[in-house]
């Protein structure tokens with residue numbers, strides 16, 4: 001054993017490696033990405049790691065490895081599980097031979113996601129066991145235990161951390177390499193009665209799964225990470241006051257334990273396996289209690305389970321939480337919100353607490369402390385923006401310029417380019433989920449044939465889930481323009497390689513999948529590739545292509561500025577600048593500022609993309625080559 | 001020792017490296033450390049923070065309101081934003097150089113950094129203002145802002161770590177070619193720390 005300062009996601013990867021994982025697959029998505037990246041960096045000899053093209057493929061690759069007796073780990077974020085849900089639901093019936101852990105990171109807030117969906121529901125829905133770690137150290141140990149459970153019960157299992165566990169760091173105890181488990185897969189053994197899903201097999205396995213989950217619930221009641229924490233000292237007045245307890249899971253458990261250092265002494269039930277629920281342990285916790293407050297993020301899963309148990313066993317225990325509006329039902333918990341919730345709970349009159357005003361509960365967060373700075377000067381608002389020099393800005397601007405005055409809809413997608421919605425670009429009219437822009441554009445065009453319908457999609461997203469949309473458009477003779485924003489990386493999640501880059505997570509070089517060739521193969525009417533940083537050419541290209549009949553595409557190709565050496569910086573000639581501010585009004589580039597009424601380009605941000613100089617009517621913006629101030 | 005430390009600024013200012021150095025220095029002294037920081041979309045020009053917690057008996061990496069021993073503000077407005085986290089007698093170390101949000105250039109609503117510093121002076125007794133532009137100029141690199149603030153935090157006494165602790169962490173975490181520059185920043189700030 002030794003100590004390392006690790007991010008929760010790094011700890012999960014190291015835990016999987018210590019458990020002898022043979023294969024890791026996944027698709028990037030905040031807050032899950034670093035698990036696979038760390039697995040690639042620190043993998044033991046013989047371990048295979050890949051970024052798959054999307055979550056569905058990743059799930060299938062990991063399942064195949066587990067069929068062959070390997071220990072496999074598949075990683076994704078919560079919305080990625082929606083993509084992988086088809087193989088997941090069937091795999092739950094078939095099961096595995098080698099241990100398989102499905103790492104799905106949930107994102108309360110949401111901090112960087114489309115939804116606040118709760119993977120614990122997916123565990124229930126698919127009837128699979130689910131592990132919910134509360135800290136980096138626990139996640140490290142839990143992933144190893146998850147592999148053991150998976151193998152013992154021959155079923156895939158979920159490990160579901162949330163953002164603050166994934167991205168929290170801690171100095172934790174990890175195994176030395178000579179303490180690692182070495183797992184030798186014994187290979188795939190043909191058995192069509194086991195591996196080929198048919199209605200009869202599903203029926204039989206359904207019966208087994210239900211029986212197994214009863215056993216698992218029993219097993220989990222004895223699992224050391226499900227635990228009742230009894231207070232050191234008993235409550236002061238035990239006769240009159242209602243006996244209260246708190247149930248929590250995940251990061252909220254740590255907030256509860258921090259709060260109880262000063263807020264009071266009540267028993268706490270920590271739920272580390274929300275499915276199957278540790279019923280026997282919960283009964284032991286509920287015994288003698290009058291009221292329980294449930295503190296958890298996303299949906300009231302623990303709360304619902306406790307309600308079910310109280311109903312099943314006719315227990316006269318009041319269960320409070322999101323359903324009773326004692327706790328806010330959206331957004332992430334914080335140390336402060338949990339402290340406030342506990343204070344309210346312990347201060348409530350014992351007889352009948354009643355439900356507090358829901359609106360008031362949503363606002364408990366800040367109060368006294370933020371009131372302290374109520375007299376502060378107005379604070380700057382800093383919405384996330386496209387980086388200075390980002391080629392997406394140029395692409396959006398080219399389409400905007402080309403289509404000025406025309407009736408248009410711009411269907412966006414998931415990636416850095418979602419930020420194209422910000423003023424002044426204002427170029428994202430819709431955004432739903434990965435790859436959806438294509439379908440939305442087609443649907444709108446069916447209802448509004450006089451609208452120029454555009455779908456914007458990034459290169460990684462194109463491979464992940466836009467190709468079927470393009471095939472659909474061609475097959476059904478849609479009229480739309482597909483804009484591919486090809487920056488040769490998966491930028492938003494931290495620059496992962498993808499099929500178009502020709503690089504893999506094993507460090508190898510593979511043949512690049514050519515987006516233009518793919519689109520031509522599908523049969524698009526017109527496909528053109530252009531550099532978005534050449535404004536005039538880009539605008540002409542869009543104008544010409546958009547007028548073609550049927551399905552056509554423009555590929556804007558220019559590398560992500562975050563992984564490219566800057567070309568230089570732009571300098572503004574004071575004697576030429578007429579202070580018309582066109583550059584600022586139309587581009588919204590973070591490098592362009594107004595200081596004492598004059599336009600300046602911040603040399604520490606400017607990359608010399610020259611987009612501003614191409615639209616400057618006074619010719620006042622000149623490029624300085626070399627990039628010496630921006631090394 | 002138990003310490004709660006908040007680092008805040010704007011994406012790209014180097015808050016993450018500074019929090020890594022603090023954590024490494026604490027680990028070198030065999031102290032348990034936890035931390036949490038902004039990752040993802042908000043990093044692109046948005047407000048960013050790191051919470052660093054040092055000591056025994058910790059459950060959560062997050063710091064609660066009124067619990068921070070010290071705030072390292074890489075930007076005056078961001079330091080004010082984090083003030084609710086500061087203990088009543090907590091320290092603030094802040095760079096005086098404001099960073100204008102993109103929205104300021106668009107709407108003409110630039111904010112005043114001096115006003116923020118003035119507000120901090122009114123609210124915080126143990127305040128150190130780092131003349132970062134001047135200091136970076138003297139040292140010869142804009143990249144030492146994080147080390148200047150770390151150095152000022154050491155000098156304030158509220159960090160619970162010594163300059164030598166930070167020096168050792170720099171040696172361990174950064175490539176050798178950057179050592180001299182960062183040590184120069186530590187030395188500069190030791191000689192020029194100005195309690196406001």
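The values are calculated or read from the model by the stated rules, or taken from the named source; none is laboratory data. Computed from a predicted structure; not experimentally measured. Neighbour counts are summed over all protein chains in view; Cβ atoms, including those assigned to glycine, are modelled from backbone coordinates with ideal geometry.
Observations on the model:
- Check on residue B:150, surrounded by fewer than 16 Cβ atoms within 10 Å (Cβ to Cβ) and in contact with a helix residue (DSSP H, G or I) (Cβ under 8 Å, 6 or more places away or on another chain): no
- Per-region count, the range A:173-185, residues more than 12 Å from chain B (Cβ to nearest Cβ) and either under 21 Å from residue A:249 (Cα atoms) or outside any helix (DSSP H, G or I) (or both): 9
- Scanning the range A:381-427 for residues that are more than 14 Å from chain B (Cβ to nearest Cβ), out of contact with any helix residue (DSSP H, G or I) (no Cβ under 9 Å at 6 or more places or on another chain) and within 25 Å of residue B:105 (Cα to Cα) turns up just one, A:404.
- Taking the range B:130-141 as the range and being within 14 Å of chain A (Cβ to nearest Cβ) and under 22 Å from residue B:70 (Cβ atoms) as the test, the residues that pass are B:132, B:136.
- Selection status of residue A:598, touching a residue at least 24 places away in the same chain (Cβ under 8 Å) and surrounded by fewer than 18 Cβ atoms within 10 Å (Cβ to Cβ): yes
- Meets criteria (under 30 Å from residue A:369 (Cα atoms) and either part of a loop (DSSP other than H, G, I, E, B) or within 14 Å of another protein chain (Cβ to nearest Cβ) (or both)) for residue A:259: yes
- Residues that are within 21 Å of residue B:173 (Cα to Cα), more than 8 Å from every other protein chain (Cβ to nearest Cβ), assigned to a loop (DSSP other than H, G, I, E, B) and without any contact (Cβ under 8 Å) to a residue 40 or more places away in the chain do occur in the range B:16-30.
- Taking the range A:592-606 as the range and being at the interface with chain B (Cβ under 9 Å from one of its Cβ atoms) and at pLDDT 90 or above as the test, the residues that pass are A:592, A:599.
- The residues listed here are B:46, B:12; of these, the one that is surrounded by fewer than 23 Cβ atoms within 10 Å (Cβ to Cβ) and more than 8 Å from chain A (Cβ to nearest Cβ) is B:12.
- Options B:144, B:93: the member that is more than 8 Å from chain A (Cβ to nearest Cβ), in contact with a helix residue (DSSP H, G or I) (Cβ under 6 Å, 6 or more places away or on another chain) and either without any contact (Cβ under 8 Å) to a residue 12 or more places away in the chain or assigned to a strand (DSSP E or B) (or both): B:93
- Which numbered condition residue A:483 misses (of (1) under 27 Å from the mean Cα position of the chain (by Cα); (2) not in a strand (DSSP E or B)): (2)
- Here residue A:299 passes the criteria (1) modelled with pLDDT of 95 or more; (2) outside any helix (DSSP H, G or I); (3) closer than 25 Å to residue A:241 by Cα except the one numbered (3).
- Restricting the range A:607-631 to residues that are within 14 Å of chain B (Cβ to nearest Cβ) and modelled with pLDDT of 90 or more leaves a set whose member that is nearest to residue A:581 (Cα to Cα) is A:612.
- Flag for residue A:156 being over 19 Å from residue A:281 (Cβ atoms) and away from chain B (no Cβ under 14 Å): yes
- Residue within the range A:345-356 that is modelled with pLDDT of 95 or more, surrounded by fewer than 18 Cβ atoms within 10 Å (Cβ to Cβ) and assigned to a helix (DSSP H, G or I) present: no
- Filtered residues of the range A:289-302 (kept if in contact with a strand residue (DSSP E or B) (Cβ under 9 Å, 6 or more places away or on another chain) and either buried (at least 20 other Cβ atoms within 10 Å of the Cβ) or touching a residue at least 40 places away in the same chain (Cβ under 8 Å) (or both)): A:289, A:290, A:291, A:292, A:293, A:294, A:295, A:296, A:297, A:298, A:301, A:302
- Just one of the listed residues (A:552, A:581) is more than 14 Å from every other protein chain (Cβ to nearest Cβ) and touching a strand residue (DSSP E or B) at 6+ places or on another chain (Cβ under 8 Å), and it is A:552.
- Reported count of residues in the range B:113-129, each being within 20 Å of residue B:13 (Cβ to Cβ) and either assigned to a loop (DSSP other than H, G, I, E, B) or more than 9 Å from chain A (Cβ to nearest Cβ) (or both), is 7.
- Checked across the range A:514-523, the condition of being modelled with pLDDT of 95 or more, surrounded by fewer than 16 Cβ atoms within 10 Å (Cβ to Cβ) and on the phi > 0 side of the Ramachandran plot holds for at least one residue.
- Residue among B:54, B:99, B:63, B:70 that is more than 9 Å from every other protein chain (Cβ to nearest Cβ), more than 13 Å from the chain's Cα centre (by Cα) and surrounded by 21 or more Cβ atoms within 10 Å (Cβ to Cβ): B:54
- Tally of residues being at pLDDT 95 or above and loosely packed, with under 14 Cβ neighbours inside 10 Å across the range A:209-260: 6
- So residue B:110, is it buried (at least 21 other Cβ atoms within 10 Å of the Cβ), at pLDDT below 95 and within 8 Å of another protein chain (Cβ to nearest Cβ): no
- Restricting the range B:165-193 to residues that are in contact with a helix residue (DSSP H, G or I) (Cβ under 9 Å, 6 or more places away or on another chain) and in a loop (DSSP other than H, G, I, E, B), the residue that is modelled with the lowest pLDDT: B:193
- Top-ranked residue in the range A:1-37 [being away from chain B (no Cβ under 14 Å), under 25 Å from residue A:434 (Cβ atoms) and touching a helix residue (DSSP H, G or I) at 6+ places or on another chain (Cβ under 6 Å); ranked as surrounded by the fewest Cβ atoms within 10 Å (Cβ to Cβ)]: A:23
- All conditions but one from (1) surrounded by fewer than 21 Cβ atoms within 10 Å (Cβ to Cβ); (2) over 25 Å from the mean Cα position of the chain (by Cα); (3) assigned by TED's automatic domain parsing to the domain that holds residue A:325 apply to residue A:206; the one that does not is (3).
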